[in-house]
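Student: If you scroll down you'll find the structure; I have some questions about it.
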Amino acid sequence: MNEPNKTKWPMFCPDATRGVIRGLDGDDLRSVGVRGLVVNAWHLLTEPGISVIKQAGGIKQFMNWGGLVISDSGGFQLLSLIYRDKSLAKISDRGIVFNKKVGKKLKKYEFTPEKSIQVQFDLGSDVMVCLDDCPREGASLAEVELSVKRTIDWAGRCRQEFDRQLEVRKVRQRPMLVGVIQGGDFVEQRQRCARELVVMDFDGYGFGGWPMKNGKFDYDMLKIVADLMPDDKVKYAMGVGKPKEMRDCVEMGYQLFDCVLPTRDGRHGRVYLSDDSELDLRKEKFVRDYYPIETGCECEVCQNYSRSYIHHLFMIGDSLAGRLASLHNLYVFNNCFYR
């Protein structure tokens with residue numbers, strides 16, 4: 001199995017969807033132990049445009065980031081838009097056609113499995129993800145059956161295009177390609193999808209869809225899907241999750257994780273502690289709390305700032321508040337496997 005840069009697992013990768021983790025640079029990320037990031041092929045295709053990034057030398061040069069880069073295909077985001085407003089895009093067996101306003105112009109894009117792989121090669125990512133058809137949350141059996149059919153078909157086309165690009169571009173270091181197992185809440189559909197994807201011999205397999213069910217983490221389905229993945233391939237719990245959830249998933253066999261929580265929540269004042277509890281630093285009770293976010297935490301934020309000060313920054317709306325909270329959260333998330 002090809003593993004870029006002899007990657008050490010497990011690994012948590014924060015979402016740098018548009019090529020940035022808001023308010024943080026590469027030095028910030030390295031200081032809290034971040035080893036990899038997830039960017040979004042669809043978002044970068046539209047802004048700033050793949051030609052811009054390609055001319056810069058790839059996404060790593062563009063971002064000034066030397067660690068691992070995973071490129072999500074962008075299918076999840078596109079399909080989520082369709083579920084909210086069908087006038088924005090159309091999906092067919094061929095792929096997804098969507099309209100997006102870029103600047104003052106409305107541009108039309110066609111996003112096929114082949115295009116998704118081409119974009120990810122232009123980005124120069126270490127781990128690429130097949131375009132998949134993610135059903136809406138709570139989808140019916142008929143909807144999921146169609147989703148799985150498309151996911152299998154698109155995965156095959158992605159695999160063919162991936163192999164073609166390797167030959168055409170004469171790539172020196174082969175990236176990994178991850179197939180995504182869909183199937184919603186239906187075990188038989190998950191089994192069907194996994195069975196077909198395993199035959200295609202991907203470098204890794206991802207849990208596709210929604211890890212939450214009725215507001216609770218769906219341990220049962222995560223475990224079922226983990227068991228369907230070959231043990232000699234990387235198992236990717238996409239969109240998971242909080243530290244305890246990630247540790248539980250490691251016990252199931254998952255090795256790779258990504259989530260927006262540590263930075264999105266950090267920007268809104270929520271911080272995570274190593275005992276899996278959480279604090280909202282915007283609350284008034286922290287006005288005179290001169291302890292660090294977490295006593296004993298070795299991150300630079302806890303070594304230098306108090307809860308009181310960070311609360312003050314949130315109250316005056318200074319961007320440093322979200323930066324400090326995000327850095328602490330990333331430290332906790334990146335170290336949660338080694339408690």
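Student: Taking θ as phi - 60°, what are the ³J(HN,Hα) couplings along the range 250-256 by the Karplus curve (6.51, -1.76, 1.60), each to the nearest whole Hz, with x for Gly and Pro?
Tutor: The phi angles translate into 4, 5, 6, x, 5, 10, 10 Hz.
Student: How big is D, in µm² s⁻¹, for the range 270-338 by Stokes-Einstein at 37 °C and 0.692 mPa s if Rh is the Kirkwood radius over C-alpha pairs?
Tutor: Values: Rh = 11.9 Å.
For these conditions, the coefficient is 276 µm²/s.
Student: Against the longest alpha carbon principal axis of the chain, how many degrees, from 0 to 90 and to the nearest 10, is the axis of helix 113-123 turned?
Tutor: Tilt of helix 113-123: around 50 degrees.
Student: Return, in residue-number order, each cysteine of the chain whose C-beta is not under 4.7 Å from any other cysteine's C-beta.
Tutor: Here Cys13, Cys134, Cys193, Cys249, Cys259, Cys299, Cys336 come out as lacking a disulfide-compatible partner, given the Cβ-Cβ threshold of under 4.7 Å.
Student: Right, another one. Determine ³J(HN,Hα), in whole Hz, for all residues of the range 91-103 in sequence, where each value follows from phi through the Karplus function 6.51 cos²θ - 1.76 cosθ + 1.60 and θ = phi - 60°; x replaces Gly and Pro.
Tutor: 10, 9, 4, 6, x, 10, 10, 9, 10, 9, 7, 10, x
Student: FRET efficiency for Ser51 and Glu143, Cβ-Cβ distance as r, R0 = 41 Å, nearest 0.05? Kindly include the intermediate steps, with their values, before the conclusion.
Tutor: Working: r = 36 Å, r/R0 = 0.88.
Calculated transfer efficiency: 0.70.
Student: Of Lys86/Lys216; Lys8/Lys223; Lys90/Lys115, which pairs sit farther than 20 Å apart, going by alpha carbon to alpha carbon?
Tutor: With Cα atoms farther than 20 Å apart: Lys86/Lys216; Lys8/Lys223.
Student: Provide the three semi-axes, in whole Å and in decreasing order, of the ellipsoid equivalent to the chain as defined by the square roots of 5 times the Cα gyration tensor eigenvalues.
Tutor: Numbers: eigenvalues 224, 103, 82 Å².
Over the Cα atoms of the chain, the semi-axes work out to 33, 23, 20 Å.
Student: Explain nothing, just the number: relative contact order of the chain, from Cα pairs under 8 Å at least 6 residues apart, as a whole percent. Before the final figure, lay out the partial values.
Tutor: Values: 623 pairs, mean separation 55.3, N = 339.
Normalised by residue count, the contact order of the chain is 16 percent.
Student: Under a point spin-label approximation (7 Å from Cα along Cα-to-Cβ), what is the Leu320-Val260 distance to one decimal in nm?
Tutor: With each label placed 7 Å out from Cα toward Cβ, I get 2.8 nm.
Student: Once you put a point 7 Å from the Cα of Phe337 and another 7 Å from the Cα of Leu81, both along the Cβ direction, what distance in nm separates them?
Tutor: In this crude spin-label approximation the distance works out to 3.3 nm.
Student: Quick one: order Tyr219, Tyr331 by neighbouring beta-carbon count within 10 Å, fewest to most.
Tutor: Numbers: Tyr219 14, Tyr331 25.
Going from sparsest to densest Cβ surroundings: Tyr219, Tyr331.
Student: I need Arg190, Arg164 ordered by Cβ neighbour count within 10 Å, fewest first.
Tutor: Values: Arg190 23, Arg164 13.
With the sparsest Cβ surroundings first, the list reads Arg164, Arg190.
Student: Still on this model: When the convex hull of the C-alpha atoms of the range 76-165 is computed, what volume per residue in Å³ does it have?
Tutor: Working: hull volume 9.9 nm³, N = 90.
Normalising the Cα hull of the range 76-165 by residue number yields 110 Å³.
Student: Provide the gained length on full extension for the span Ser306 to Tyr290, in nm with one decimal, where the gain is 0.36 nm per separating residue minus the Cα-Cα distance.
Tutor: Details: separation 16, 0.36 × 16 = 5.76 nm, distance 0.50 nm.
Between Ser306 and Tyr290, full extension yields an extra 5.3 nm.
Student: On C-alpha positions alone, give me the angle between the axis of helix 187-199 and the longest principal axis of the chain, in degrees, nearest 10.
Tutor: 70 degrees
Rule-based calculations on the coordinates, nothing more; no lab input. These figures come from a predicted structure and were not determined experimentally. Here the Cβ is made from the backbone with ideal geometry for all residues, glycine too, and neighbour counts use every protein chain on show.
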